[in-house]
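Q: One structure is given below, represented as C-alpha cells, and several questions about it will come after.
The values are calculated or read from the model by the stated rules, or taken from the named source; none is laboratory data. Here the structure is a predicted model, which means the values were calculated and not measured. With ideal geometry, Cβ positions are generated from the backbone for all residues, glycine too; neighbour counts draw on all protein chains shown. Heads up: the accessible areas ignore ligands, DNA and RNA and are worked out on the full protein's heavy atoms, side chains in. Shrake-Rupley method; radii C 1.70, N 1.55, O 1.52, S 1.80 Å.
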Amino acid sequence: MKRKEYTGQDIKVSFDLGRCIHSRNCFLQLPKVFDPNNRPWVQPDQAAAEEVAAVIRACPSGALAYQREDGRDEQPPQINRLAILENGPLVLAGNISIENSDTQTRVALCRCGQSKNKPYCDNSHVDTGFATTGEPAPKTPPEKDGQGGAVKVDRQPDGPLKIDGNVEMCTGTGKRIAKLGMAYLCRCGHSKNKPFCDGSHKQVGFKDAPG
C-alpha cells in the first residue's frame, strides 16, 4: 500500500494504513496533530517538528514515518529489540531490512497467520480472536553476545520468519527472554513454543509463499 503524505513547513509525515495496529499512541500523545476526526487527520504544523517526530518514533508498527526539512531524520536504536505483544504481533525496533527493502526502524510482524499484508501485522489478530501470552517462557536457542547492527527479516515459504542479526527479545512488559543472532519465529499462529517456530505450520497447512 502506498503511503499517504502530509506535508508541513518543517516536517513531512507519511502514513501506511495497512501497517497500522491502532495503538493510538499518536492521538493520545498529540491530538492537535493526529486526530482521526479531523480532515486531514494529520496536521503537521499544529506542533513543533521535534514534538511531531518524537510522537512518530513511538509508533510501534512504523505505520507513521517522517522526513524533516533540516535533515534530522530518524536513526535506528543502538540495540535491536523484539517485543512480543499479548495476543498480538511481534514488534521489532532496530536497523531493519524486510525482504531486501529499504532500511526501516520500526515494524510490527504478523504472528497470527491471518494478516492480508504479510509479513506485516494489519490488526487481523483482533478480528480472528488470536490469543497467546505476551509473557512466554519458551525454549530458546543459545544466546549470542553481539548487539546492534543490521537485522534482516525474511519469510520462509509457507513457514516461519527468519530473523538474521543481533536482537534482544523481550516480553511485552520488557523482561528479557534472550539475546539472539538468528531465530526462526512462528507466523502461522500454532507453534507450541511461541514466539519460536516448532514446525506446526506443516501440520496446519499454512500457506504464504512470499513473492
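Q: Only one of these is open to solvent by 20 Å² or more (accessible area, probe 1.4 Å) and at pLDDT 95 or above: 24, 57. Name it.
A: Checking each option against the conditions leaves just 57.
Q: Among the residues of segment 132-158, how many are open to solvent by 50 Å² or more (accessible area, probe 1.4 Å), under 17 Å from the mean Cα position of the chain (by Cα) and closer than 15 Å to residue 86 by Cβ?
A: Matching residues across segment 132-158 total 0.
Q: Another question, then. For segment 61-74, name all the residues that are touching a residue at least 40 places away in the same chain (Cβ under 8 Å), part of a loop (DSSP other than H, G, I, E, B), in contact with a strand residue (DSSP E or B) (Cβ under 8 Å, 6 or more places away or on another chain) and not hydrophobic (A, V, I, L, M, F, W, C).
A: 61, 62, 69 - these are the residues of segment 61-74 that are touching a residue at least 40 places away in the same chain (Cβ under 8 Å), part of a loop (DSSP other than H, G, I, E, B), in contact with a strand residue (DSSP E or B) (Cβ under 8 Å, 6 or more places away or on another chain) and not hydrophobic (A, V, I, L, M, F, W, C).
Q: Right, something else. Cβ-Cβ below 6 Å, separation at least six or inter-chain, first residue in segment 140-163 and part of a loop (DSSP other than H, G, I, E, B), second β-branched (Val, Ile, Thr): which pairs?
A: Within 6 Å, the pairs are 147/79; 148/79.
Q: Further question on the same structure: If residue 206 passes every condition in (1) surrounded by 18 or more Cβ atoms within 10 Å (Cβ to Cβ); (2) in contact with a His (Cβ under 8 Å, 6 or more places away or on another chain); (3) on the phi < 0 side of the Ramachandran plot but one, which one does it miss?
A: For residue 206, the exception is condition (1).
Q: In segment 182-197, what count of residues is obtained for those that are crowded, with 17+ Cβ neighbours inside 10 Å and either among the charged types (D, E, K, R) or outside any loop (DSSP other than H, G, I, E, B) (or both)?
A: Total meeting the criteria: 6.
Q: Which count do you get for residues in segment 10-60 that are acidic (Asp, Glu) and part of a helix (DSSP H, G or I)? It would help to see each step written out before you state the result.
A: Going through segment 10-60, the residues acidic (Asp, Glu) turn out to be 10, 16, 35, 45, 50-51.
If we keep only those that are part of a helix (DSSP H, G or I) as well, we get 45, 50-51.
Final tally of qualifying residues: 3.
Q: Something else: Looking at residue 35 and the list (1) without any contact (Cβ under 8 Å) to a residue 12 or more places away in the chain; (2) closer than 19 Å to residue 165 by Cα, which single condition is not satisfied?
A: Failed condition: (2).
Q: Just for segment 115-131: of the residues that are in contact with a Gly (Cβ under 8 Å, 6 or more places away or on another chain) and surrounded by 17 or more Cβ atoms within 10 Å (Cβ to Cβ), which one is nearest to residue 150 (Cα to Cα)?
A: So, considering only residues that are in contact with a Gly (Cβ under 8 Å, 6 or more places away or on another chain) and surrounded by 17 or more Cβ atoms within 10 Å (Cβ to Cβ), the one nearest to residue 150 (Cα to Cα) is 120.
Q: Quick one: count up the residues across segment 75-114 that are outside any strand (DSSP E or B) and either surrounded by fewer than 16 Cβ atoms within 10 Å (Cβ to Cβ) or in contact (Cβ under 8 Å) with a residue 40 or more places away in the chain (or both). Can you show your working first?
A: The initial filter retains those residues of segment 75-114 that are outside any strand (DSSP E or B), namely 75-80, 85-89, 99-103, 110-114.
From what is left, the residues that are either surrounded by fewer than 16 Cβ atoms within 10 Å (Cβ to Cβ) or in contact (Cβ under 8 Å) with a residue 40 or more places away in the chain (or both) are 75, 77-80, 85-89, 99-103, 110-114.
Adding up the residues that qualify gives 20.
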